[in-house]
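Read the structure below first, then the notes.
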Amino acid sequence: MLLYGRNPVLEALREGRVQEVTLARGVEEAFVREVKATGAFVRWTSRIELDQLVGTTGHQGVVAEVDDLAWASVDDILDRADARQEPLLIVLLDGITDPRNFGAIIRSAEVLGAHGVVVEERRSAPLSPVVAKTAAGATTHLPVAQTKNLPRLIDQLKADNVWVYGAAGEAAQDVTRTDFTGKVALVIGAEGEGMRRLVREKCDTLIRIPTRGQVQSLNASVAAGILLYEATRGRA
């Protein structure tokens, strides 16, 4: 996989997953020093060639070839919470197919202390270079797993005393007045459509983010960030 963008490539370099980096001529010397400090070999080319190589101008002048991103397992996420001796905080995504939204949610989940993100195999964007770039390196640090059946996974989590909160704009429960102590799963639905009916019915509680503007809905990744912040704030 061709990984691009400064933060994702630097994270991969620090993890020892990159041997060679291609930089565009004119990249700032300070960034070049950061790359060389990792011991990677640097190859130089033009920005136009990088544009053609990755099919976008959003590469920030740096491209590296790495192994494809690997899916974790749900057990990896549960083990992460146990190892940290923390109550589980997991994010379940129902139909997030936009790779930038997917990457942004992974980034927020990692930054705000969630233990992992889970998607359903047939209803998600793949783990792609766009996801990795938007996640700004968070894919290196946070387990991202797939499940064949999200409603069934919710049942399994509930059997393990995980309380499942689903994000819904019309919900009566205000997220700012919600108790997030204990094991928690946050469910984020697709842009526009929200959660599927069965997923919604499996949730223990539906919660909403209070809004004041004329536009009543938030971007899925923005909503996920707000919910994660409120969840972690309520557990401090």
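The values are calculated or read from the model by the stated rules, or taken from the named source; none is laboratory data. Quantities reported herein were computed from a predicted structural model and do not represent experimental measurements. Note that we place each Cβ from the backbone using ideal geometry, even for glycine, and neighbour counts take in every protein chain shown. These area figures cover heavy atoms from the full protein model, side chains too; ligands, DNA and RNA do not enter into them. Shrake-Rupley method; radii C 1.70, N 1.55, O 1.52, S 1.80 Å.
When residues in region 181-203 are screened for being over 14 Å from Ile90 (Cα atoms) and surrounded by 15 or more Cβ atoms within 10 Å (Cβ to Cβ), 9 of them pass.
Which ones in region 164-221 are touching a strand residue (DSSP E or B) at 6+ places or on another chain (Cβ under 7 Å), under 23 Å from Val111 (Cβ atoms) and of a type in the set (Ser, Thr, Tyr)? Passing the criteria: Tyr165, Thr178. Remark: pairs (first residue in region 170-197, closer than 21 Å to Leu150 by Cβ; second residue surrounded by fewer than 17 Cβ atoms within 10 Å (Cβ to Cβ) and acidic (Asp, Glu); Cβ separation under 8 Å; 6+ apart in sequence or on different chains) = Lys183/Asp160.
Residue check: Ala83 meets all listed conditions (1) open to solvent by less than 10 Å² (accessible area, probe 1.4 Å); (2) within 26 Å of Arg235 (Cα to Cα) but one, namely (1). Based on what the data block shows, is Val144 more than 27 Å from Pro8 (Cβ to Cβ) and open to solvent by less than 20 Å² (accessible area, probe 1.4 Å)? Against the criterion (more than 27 Å from Pro8 (Cβ to Cβ) and open to solvent by less than 20 Å² (accessible area, probe 1.4 Å)), Val144 does not qualify.
Across region 105-125, the number of residues qualifying as in contact with a Lys or Arg (Cβ under 7 Å, 6 or more places away or on another chain) and within 11 Å of Ala72 (Cβ to Cβ) comes to 2.
Looking only at region 126-138, count every residue that is open to solvent by less than 30 Å² (accessible area, probe 1.4 Å) and more than 16 Å from Ala224 (Cα to Cα) and tell me the total. Before the answer, list the steps.
To start, the set of residues in region 126-138 that are open to solvent by less than 30 Å² (accessible area, probe 1.4 Å) comprises 127-128, 131-132, 135-138.
Then drop every residue that is not more than 16 Å from Ala224 (Cα to Cα), which leaves 127-128, 132, 136-137.
Adding up the residues that qualify gives 5.
Of all residues in region 139-174, those satisfying the criterion of being within 20 Å of Arg235 (Cβ to Cβ) and small (Gly, Ala, Ser) are Gly166, Ala167. Suppose the filter is among the hydrophobic types (A, V, I, L, M, F, W, C), out of contact with any Ser or Thr (no Cβ under 9 Å at 6 or more places or on another chain) and in contact (Cβ under 8 Å) with a residue 40 or more places away in the chain; does Ile77 pass it? The answer is yes for Ile77.
Does at least one position in region 211-223 carry a residue that is buried (at least 19 other Cβ atoms within 10 Å of the Cβ), of a type in the set (Ser, Thr, Tyr) and in a helix (DSSP H, G or I)? Scanning region 211-223, I find at least one residue that is buried (at least 19 other Cβ atoms within 10 Å of the Cβ), of a type in the set (Ser, Thr, Tyr) and in a helix (DSSP H, G or I), so the answer is yes.
Yes or no, residue by residue, for (1) open to solvent by 80 Å² or more (accessible area, probe 1.4 Å); (2) touching a His at 6+ places or on another chain (Cβ under 6 Å); (3) of a type in the set (A, V, I, L, M):
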{"residue": "Ala64", "(1), (2), (3)": "no, no, yes"}
{"residue": "Leu69", "(1), (2), (3)": "no, no, yes"}
{"residue": "Thr97", "(1), (2), (3)": "yes, no, no"}
{"residue": "Ala104", "(1), (2), (3)": "no, no, yes"}
{"residue": "Glu120", "(1), (2), (3)": "no, no, no"}
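Select from region 49-89 the residues that are out of contact with any helix residue (DSSP H, G or I) (no Cβ under 6 Å at 6 or more places or on another chain) and among the β-branched types (Val, Ile, Thr) and write down the one among them that is nearest to Arg17 (Cα to Cα). Result: Val54. Taken over region 16-40, the criterion of being open to solvent by 50 Å² or more (accessible area, probe 1.4 Å), farther than 16 Å from Leu2 by Cα and without any contact (Cβ under 8 Å) to a residue 24 or more places away in the chain is satisfied by Arg25, Glu28, Glu29, Ala30, Arg33, Lys36, Ala37, Gly39.
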